[in-house]
1. Order these peptides, 88-98, 33-43, by their mean beta-carbon neighbour count within 10 angstrom, highest first.
2. Using only the Cα atoms of the chain, what are the Rg and Dmax in Å?
3. Could you line up Met121, Met114 from fewest to most neighbouring Cβ atoms inside 10 Å?
4. Give the order of Lys230, Lys46 when sorted by the count of other beta carbons within 10 angstrom, beginning with the fewest.
5. Rank the residues Phe200, Phe166 as a footprinting-exposure proxy: fewest other Cβ atoms within 10 Å of their Cβ go first.
6. What Cys residues in the chain have no fellow cysteine's beta-carbon under 4.7 angstrom?
7. Which of the residue pairs Lys7/Lys136; Lys33/Lys86; Lys33/Lys91; Lys46/Lys160; Lys30/Lys86; Lys136/Lys192 have a Cα-Cα distance greater than 23 Å in the structure shown?
8. I need to check one value: relative contact order of the chain, counting alpha carbon pairs closer than 8 Å and at least 6 residues apart, in percent.
Amino acid sequence: MLTRRFKVVSLDFGGTLAYEVEEEYITLLKVLKKLGLDFRGEEIRKIYEEEKQAYESSQHNGVWTEKTHIELVSGILRRLGIEDSKTYAEKVCSLYPEVIDVRKFEDVDDALKMLREEGYMLIIISNITSEARLRKLLQRLGIIGFFQHLIASGSVGYEKPDSRIFLHACNLAGVRPQELVHVGDSYEHDCKGARSVGAFPLLIDRGNRYGGVECLKVNDLRNVKASLEKAL
């Protein structure tokens, strides 16, 4: 009987399991409206893009967290003339997971069921502001029950492709890096990051965006199981 090479399958979230339907400024516009604040879409879009670009260029540790998101939104609200912008920004950010229009890719449910039935431990490694936000989004999508561990960059303090986030995931799951497969839609963040610690990278490339990259590819998550069987 063959001994299974891999024990854990980790998956990226945004772009791999789910996608945002609307641009970020539209989500902000909807949250503000929910709080009774009405602004023109074009006004929000312009200020949002300017503030985000300025913030990303500023000196911080490079990891997006709930705190940095609040700081960004606070700056936007301040420019919109809202007093006590920080308090409002905290309210806005707390509502984001409820208002954001995020949807599962159609292959997700079947793929997760297949992998779970094969006995793989499923976890998520995502560049997202916090584990709490990730958990809320997974609950909304109805797939939280598939995952034993959620690793969010904003909570652990480092983002993919930093090798430390993958090593942290391995420690949580109780496996060696060589026993972990990481599936994601970014060659730079997911594939290179996983490979840097000796984990097995698998690129989900639904739109055939990547040409001759040195990474095993699938265009449908339902093909992950078969790809892992071939890699044994």
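Any read-out appearing in this document is the output of simple, stated calculations on the displayed coordinates, not a laboratory observation. Please read all numbers here as calculations on a predicted model, not as lab measurements. We place every Cβ from the backbone using ideal geometry, glycine too, and count neighbours over all the protein chains shown.
1. On the way: 88-98: 17.9, 33-43: 11.4.
The peptides rank, most packed first, as 88-98, 33-43.
2. Cα-based Rg and Dmax for the chain come out at 19.0, 68 Å.
3. Lowest count first: Met114, Met121.
4. Numbers: Lys230 7, Lys46 13.
Ranked by crowding around the Cβ, least crowded first: Lys230, Lys46.
5. On the way: Phe200 22, Phe166 27.
Sorted ascending by nearby Cβ count, the order is Phe200, Phe166.
6. If one checks each Cβ against the other cysteines of the chain, Cys93, Cys170 turn up with nothing under 4.7 Å.
7. Lys7/Lys136; Lys46/Lys160; Lys136/Lys192
8. Values: 354 pairs, mean separation 56.4, N = 232.
Relative contact order here is 24 percent.
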